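For reference, the structure is listed below as structure tokens.
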Amino acid sequence: MTDLADLTIVAAGRGLRSGEFSSVDLLDAVTRRASITEAQLHAYLTLDKKGARSAAEAADAAFADGKDVGPLQGIPIALKDNMCTIGVETTAASQMLAGWKPPYDATVVRRLKDAGAVVTGKTNLDEFAMGSSTENSAFGETRNPWNPDFVPGGSSGGSAAAVAVGSAFGAFGSDTGGSIRQPAALCGVVGMKPTYGLVSRYGLIAFASSLDQIGPFARSVEDSATLLDAIAGWDRFDSTSIDGAVPNFSGSLDGGVGGLRIGIVSDLMGEGIDTQVRGAVSGMADKLSEAGAEVVEVGLPSTEFALSAYYLIAPAECSSNLARFDGVRYGHRSNVEGTTEDMMSHTRAEGFGPEVIRRILLGTYALSAGYYDAFYGQAQRVRTLVRRDFASAYEKVDVLISPTSPTTAFPVGERSADPIAMYYSDVCTIPSNLSGEPAISVPIGLDDKGLPIGFQVMAPSLGEELMYRVAAAVESISEFTKRAPLASSEVVAP
Amino acid sequence: MTAWEAVIGIETHVELSTKSKMFCGCPADIPDEPNTACCPVCLALPGSLPVPNVKAIEGIVTIGTALGCTINESSLFYRKNYFYPDLPKNYQISQYTFPVCEFGSLIVEVQGEPTVVGITRVHMEEDTGRSTHVGEGGGRIQDAEHTLLDFNRAGVPLVEVVTEPDIRSAEQARAYGAELQRIVLALGVSDAKLEAGSMRFDANVSVRHVGTEELGTRTETKNVNSLRSLQRAIEFEIDRQIAVLEDGGSITQETRHWNEDKGVTLSMRSKEESEDYRYFQDPDLLPLEVSDEWQSLVRESLPELPAAKRARFRAAGVEAETAELLADNLELASLFEAAVSGDTNGKLIGNWLTGEVVAHARRENMLVSDSALTGSHLSDLAEMVEEGKLSSSAAKEVLNAAMDGDGSPRDVADARDLLQMSDAGEIEAAVDTVLAENPDAVAKIAQGDSKPIAFLMGQVMRHTGGKADPSIVQRVLKDKTAGDA
């Protein structure tokens, strides 16, 4: 018999509505799964057992009353710990916010609650979402569910791992340079970054405001679209959110790739991309072609500079966004004797981890008088070039495809001493953040180490429907149904 | 030794009196109880985001339009980064390139001499919270034991008006400050209270030799919270700089603090730090669009500006100084407007309003608006004086009575028997009687002695019970005695 924790959201929703099981049953199943996997995995920073239980009971009561607010009603969902949850500790995996309980819900959280979702808890991340391995968490790293000696990717590694092992049916993360898609690829789940502005950032602890987007993790493309349906749309609390009609994404999966023009990004298929990853992506491109798509090679020449531009823009914005953590109003406050200025600087030195400090310094430098134009100004010009590259590519093709990550998961500790190697993990994902366009990672197989390979589908601004249609085709061709070994109920904590 | 010349530019912060703050829904009308008008946005809680207040944008566009600025159809919000405990985000949302308004001007007059002061820019930003430094130092941060923070003011919409360095004297600076305050009040966008800090000036002052083009090193003086201290602080700063330079020293570019009690400006920082605000465009806010339609809507609903109002009052016969007083006072101005039309004596009514009316209100400890005085009272009174029916001292009495609610001027003058005899026929008859009774006096006058005229005037006044208009009596007397000669 299938463990309930292994169901997709869509299947679980059917069971809830047929009365086969209750929301409390689903919550019990993921809680049981977490109790088995957490010791090795450490996907969660906080399990809100009490809150989840009452939400599940409320969902069951609603079903009993004949109330049904949609496909997420009664579904246990996890949230990256950089989204504000009222009364539930929200830390961004930083000592700076240890113990901080927000007095308000992020817009995404409120919409999920309104949709009847059951929030299981808060998942681990690289501190303030800065990292690609979830090793930069102040509260201990998360491990890869396919092999705990490997990293789960990052920064939303906790959400990716939780969905991969079934300690949540779905989860949300944030993607600034690939922080949803890269861990999704490394953990063998579906991870999606929406068009910038499709989802409200209100209540998401900012890393780099012009790049941050919240998006879903799921075990199927259909689940991913279902999760996006619940959170997308204009929000009066985020003036960068897009005011316009939102399509029904979960209704946009059929149609296949017949007649579509698909561009495989040659600049992301060369040197630096692992041969097995490259092989798997080419193989899938061939199959898409067999399925009726016209697959052509397309260049995005400015991707060469995208990584450097990103590592100026993101730190610059973060240096300003994180200035508010000064010990004055909330969070950690240093006990140092001295002036207010001493208190503020010691608070920051004590509260932030090394990667966060590195990026704040980098960004402060990039914005300083005399350097602004050479660094931040230049990076903004590259950003414009990246946008132009995408625009001219989309004149020729409908969607673009590439690997999600240049390699599969890497061993814990391997890149932590080498920031540049770590930064390179995002080379395939960063261009979509710079352009603000949607992209999704779909698992398409395993490498010879048994680690998942992610396949990225990119689409023009607000092209989520087309992106999902192609992703659904990729999913059905790949027949990737393997589950992470750690998800097995037999795994026992060491 | 060539003479010195001061070069002055003024930055003015104006708190807008919108209902809510610049980027959140908290009340902008600051409550006394500290930290009671705050939310996740103005406290800069993690995850919060700013959303611009449309009313505040309307306010700044109104100010910019009144100052003759170009309104940028698309303007940008920037972050001004600096750490300070009462600045919740440790950056202030402000503007840098492409402010809402640019390239305006304001004409100020000192002793009838007009000067055009260029307005460089008018930009939108948010206010900080308030720090109260507690300890021995009497409120100075350097000596404080601890600091109390109140974030009620944090995020209140603030407009900054920056001038070109076109001002040449402290008097001009004061006149500029006064005129800007009048404009802001006339627009109704701020209460512009200098003492309460809802309007604040920073003065950039440098000096140079007359005839040189190059600008001297400037200082910026803060904490100027009245028009008088603006003038005093600038006067002090000009004198100080000249003294330093004549002594062979040099001016340090620095921020100085006006000390009202001692009447001096003091350097604010012990060591000179060059601030690098690391301005960059705020990624949380889209470019601010002010469409042509919106601009013309604002332009069309612009009230009459103080300069136009003064000109109108002067055209009605009011003297320059009185016109300024009238235009500055909404209730006096509206009484004036209600009283004066066509060929009414504007000068007389203007003088009454700024003189006797204000004085009587002060004596009686009441507001002019609470008095019973109306525009038609004033116009009737002026007419009666013009017709010679009322003496100027009687007119004052009637005016006071009308303010006290004793009735219309005509009724009061009647009831108190204050009306003058101004009918020439009646006066002539009285004069004839007096002349007939005093042939000796008449004879003396005929011989060229004009002294008895005063005696005869007194006789006529006595005869008419003091009600004859003395000017008419004098004229008639002169006519009649001359005719006899």
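The values are calculated or read from the model by the stated rules, or taken from the named source; none is laboratory data. Here the structure is a predicted model, which is why all the values come from computation and not from measurement. Using ideal geometry, Cβ is built from the backbone for each residue, glycine included, and neighbour counts are taken over all protein chains shown.
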task = Would you check which residues across segment B:399-440 are part of a helix (DSSP H, G or I) and of a type in the set (S, T, N, Q) and list them?
result = B:ASN400, B:THR433
message = Take residues that are within 25 Å of B:ASP191 (Cα to Cα) and under 27 Å from the mean Cα position of the chain (by Cα) and tell me which of the helices (runs of 4 or more DSSP H) falling wholly in segment B:252-358 contain 3 or more.
response = B:292-300, B:306-315, B:320-328, B:330-339
key: Residues satisfying the stated conditions in segment A:240-263, i.e. crowded, with 17+ Cβ neighbours inside 10 Å, more than 23 Å from the chain's Cα centre (by Cα) and either part of a strand (DSSP E or B) or of a type outside the set (A, V, I, L, M, F, W, C) (or both)   = A:GLY256, A:ILE262, A:GLY263
ask   = Any residue at all in segment B:6-13 that is touching a helix residue (DSSP H, G or I) at 6+ places or on another chain (Cβ under 6 Å) and over 25 Å from B:ASN204 (Cβ atoms)?
value = no
query = Residues in segment B:195-215 that are buried (at least 20 other Cβ atoms within 10 Å of the Cβ) and part of a loop (DSSP other than H, G, I, E, B): how many?
reply = 1
message = Tell me yes or no: at least one residue of segment B:58-77 is within 14 Å of chain A (Cβ to nearest Cβ), under 18 Å from B:GLU164 (Cβ atoms) and either surrounded by 24 or more Cβ atoms within 10 Å (Cβ to Cβ) or among the hydroxyl-bearing types (Ser, Thr, Tyr) (or both).
response = no
ask   = A:THR46 passes all but one of (1) surrounded by fewer than 24 Cβ atoms within 10 Å (Cβ to Cβ); (2) among the polar types (S, T, N, Q); (3) within 13 Å of chain B (Cβ to nearest Cβ); which number fails?
value = (3)
ask   = What pairs can you find where one residue is in segment A:307-330 and touching a residue at least 40 places away in the same chain (Cβ under 8 Å) and in a helix (DSSP H, G or I), the other is basic (Lys, Arg) and surrounded by 23 or more Cβ atoms within 10 Å (Cβ to Cβ), and their Cβ atoms are less than 6 Å apart, with a gap of 6+ or different chains?
value = A:ALA309/A:ARG383; A:PRO315/A:ARG359; A:CYS318/A:ARG359; A:SER320/B:ARG79
key: Search result, residues across segment B:227-241 that are surrounded by 15 or more Cβ atoms within 10 Å (Cβ to Cβ) and out of contact with any Lys or Arg (no Cβ under 6 Å at 6 or more places or on another chain)   = B:SER229, B:ARG232, B:ALA233, B:ILE234, B:GLU235, B:PHE236, B:GLU237, B:ILE238, B:ARG240, B:GLN241
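Each row is one residue, and each column tells you yes or no for (1) surrounded by 19 or more Cβ atoms within 10 Å (Cβ to Cβ); (2) within 14 Å of chain A (Cβ to nearest Cβ); (3) of a type in the set (Ser, Thr, Tyr); (4) farther than 21 Å from B:PRO88 by Cβ.
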| position | (1), (2), (3), (4) |
| --- | --- |
| B:VAL117 | yes, no, no, yes |
| B:ASP127 | yes, no, no, no |
| B:ARG130 | no, yes, no, no |
| B:VAL134 | no, yes, no, no |
| B:LEU148 | no, yes, no, no |
| B:VAL156 | yes, no, no, no |
| B:GLU164 | no, no, no, yes |
note = Counted residues in segment A:221-262 being among the hydroxyl-bearing types (Ser, Thr, Tyr), modelled with pLDDT of 95 or more and touching a helix residue (DSSP H, G or I) at 6+ places or on another chain (Cβ under 7 Å) come to 2
message = Restricting to segment B:170-194, name every residue that is in a loop (DSSP other than H, G, I, E, B) and in contact with a Ser or Thr (Cβ under 9 Å, 6 or more places away or on another chain).
response = B:GLY188, B:VAL189, B:SER190, B:ASP191, B:ALA192, B:LEU194
inquiry  = So in segment B:97-115, with the set limited to residues that are modelled with pLDDT under 95 and on the phi > 0 side of the Ramachandran plot, which one is farthest from the other protein chains (Cβ to nearest Cβ)?
reply    = B:GLY112
ask   = Any residue in segment B:28-42 that is on the phi < 0 side of the Ramachandran plot, buried (at least 24 other Cβ atoms within 10 Å of the Cβ) and within 14 Å of another protein chain (Cβ to nearest Cβ)?
value = yes
key: Options A:ALA323, A:ALA316; residue that is within 14 Å of chain B (Cβ to nearest Cβ), in contact with a helix residue (DSSP H, G or I) (Cβ under 6 Å, 6 or more places away or on another chain) and either charged (D, E, K, R) or under 21 Å from B:GLN92 (Cβ atoms) (or both)   = A:ALA316
Criterion (within 29 Å of A:PRO485 (Cβ to Cβ), away from every other protein chain (no Cβ under 14 Å) and either aliphatic (A, V, I, L, M) or in contact (Cβ under 8 Å) with a residue 24 or more places away in the chain (or both)) met by exactly one of A:GLU20, A:GLU38 = A:GLU38
inquiry  = Can you confirm whether A:ALA55 is part of a helix (DSSP H, G or I) and of a type outside the set (Lys, Arg)?
reply    = yes
query = Residues of segment A:331-375 being at pLDDT 95 or above, surrounded by fewer than 14 Cβ atoms within 10 Å (Cβ to Cβ) and of a type in the set (A, V, I, L, M), which ones?
reply = A:ALA349, A:LEU361
ask   = Any residue at all in segment B:320-332 that is farther than 23 Å from B:ALA175 by Cα and surrounded by 20 or more Cβ atoms within 10 Å (Cβ to Cβ)?
value = no
request  = Consider A:ALA366 carefully, then state whether it is assigned to a helix (DSSP H, G or I), in contact with a helix residue (DSSP H, G or I) (Cβ under 8 Å, 6 or more places away or on another chain) and over 19 Å from B:GLY47 (Cα atoms).
outcome  = yes
ask   = Scanning segment A:95-118 for residues that are farther than 24 Å from A:LEU26 by Cα and either among the polar types (S, T, N, Q) or outside any loop (DSSP other than H, G, I, E, B) (or both), which turns out farthest from the other protein chains (Cβ to nearest Cβ)?
value = A:GLN95
task = State whether one or more residues within segment A:67-89 are of a type outside the set (D, E, K, R), over 20 Å from the mean Cα position of the chain (by Cα) and part of a helix (DSSP H, G or I).
result = no
query = Taking the stated definitions as given, is B:ALA443 assigned to a helix (DSSP H, G or I), surrounded by fewer than 17 Cβ atoms within 10 Å (Cβ to Cβ) and not aromatic (Phe, Trp, Tyr)?
reply = yes
